[in-house]
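Shown next, in structure tokens, is the structure this report addresses.
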Amino acid sequence: MATFRHDVTSTGNAKLYDISTNQVRLLPVLVDELRRDSQHIIVTGAGGWLGQAALEALDGALGEMMPMRVTAFASRAKTLLLRSGRVIVAHSYDSLDQLAIGPSLILHFAFLTRGFAKQDGYIETNCHITRTMQRFIARNGAIGLFLPSSGAVYGAGRVPHQNLDTDPYGALKYEDELVFGAQARQLGFPAVIIRIFNLAGPCMNNLAGYALACIITDILHGGPINLRAAHPVFRAYAHIGDVLNIAFSLLLGRLELPVFDTAGQPSLEIGELAQLASRLVAGHELPVNRPEWRTGTPDCYLGDMQSYAQAARLAGVTLQPLEAQIRDTATYISSLAKKSD
């Protein structure tokens, strides 16, 4: 079996901006716990939103210990520049089949999301991702596993479904919950499985794919804010840093909970969200362009706040309010433009 060299260095010539108030950070108690222990940490899907945020949080927690403690994997081998200026090499995901490392703390974010669902081989690719991680855990064991699922697993009446024909993304996410939940019980390690609804905060990697990012981008360009929905759309948000802190707290504390949702307060119709973001980011309300209103079934993509708040309390995490989430997201999106100047 192969082992991997971890290429993590600092770069002094990267054009960086002030990220001191915008980094994804772990709670001090978690930083102390991670620095005190020696467990290895595996991060898959390292190039995605959750992967980048997790690497940033671990970079801040581990510092110069990062090369010895963290191994990252992406769809293909690539070099990732973290916002601190640290460079980390992400290995090809398929190379997990050659890695012998012993039990690790696993953050498993690798998955082709809904945006790829119409591509040929979508189901087969995601099944391959799942089976590869299953084999890795079977060979090496695990100290714990964080698996982000999705609110898309819910069908009618909020009952999880497995309909590959109508919703392959949601069905495959639910299948992962079952597969890795069973493996965790069989091998005796904790698994934190969180159904992600709407996230906010730094490190998002597809600005055009998220409503909040599109709204903020329009605001930063001076408006108007362009909305496509001609029917009611309700959203609430969870900060990506809160989600990671909850996951790490539960894993390191070996606190096992049933699968739960992310959620936020308040839930707002997308037009109200645009107006709130405009006031917070621009200091005044910008014009909002929207198709003529037509009667339609409201689109309510909202998680269960009660279970999310309970998980946060057990984890010792104070959830960030919506206003702070919007500002944090805007700071990150604005910083992307500064980097490209």
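Just so you know, all these numbers are worked out from the coordinates, no wet-lab data involved. In this text the structure is predicted, and so the values were computed from the model without any measurement. Note: ideal-geometry Cβ built from the backbone for every residue, glycine included; neighbour counts use all protein chains shown.
Taking every alpha-carbon pair under 8 Å whose residues sit at least 6 apart, the chain reaches a relative contact order of 17 percent.
Only helices enter this figure: runs of n ≥ 4 DSSP H residues, each worth -39500 (n - 2.57), summed and divided by the residues of the chain, yield -12500 deg cm²/dmol at 222 nm to the nearest 500. Amide H to amide H, with H built 1.01 Å from N, G253 comes under 5 Å of no residue 5 or more places away or on another chain. Placing dummy labels 7 Å off each Cα toward the beta-carbon, the span from I101 to L336 is 2.8 nm. Simple rule: put +1 on each Lys or Arg Cβ and -1 on each Asp or Glu Cβ in the chain, find the dipole, and look at G157, I41, H108; the Cα lying farthest toward the positive end is I41.
As a rough footprinting exposure proxy, the listed residues W293, W49 were ranked by other beta carbons within 10 Å of their own, and the order from fewest upward is W293, W49. Multiply the residue gap between N163 and C127 by 0.36 nm, knock off their C-alpha separation, and tell me the result in nm, one decimal place. Gain on extension, N163 to C127, equals 11.5 nm.
Going from the residue with the fewest nearby Cβ atoms within 10 Å to the one with the most, K173, K78, K118 rank K118, K78, K173.
Among the DSSP helices (H) of the chain, those spanning at least 24 angstrom by Cα along their long axis with an average Kyte-Doolittle hydropathy of -0.5 or more are 168-187, 322-340; this is a geometric and hydropathy rule only. Model label points for R290 and V87, set 7 angstrom from Cα along the Cα-to-Cβ axis, are 4.7 nm apart.
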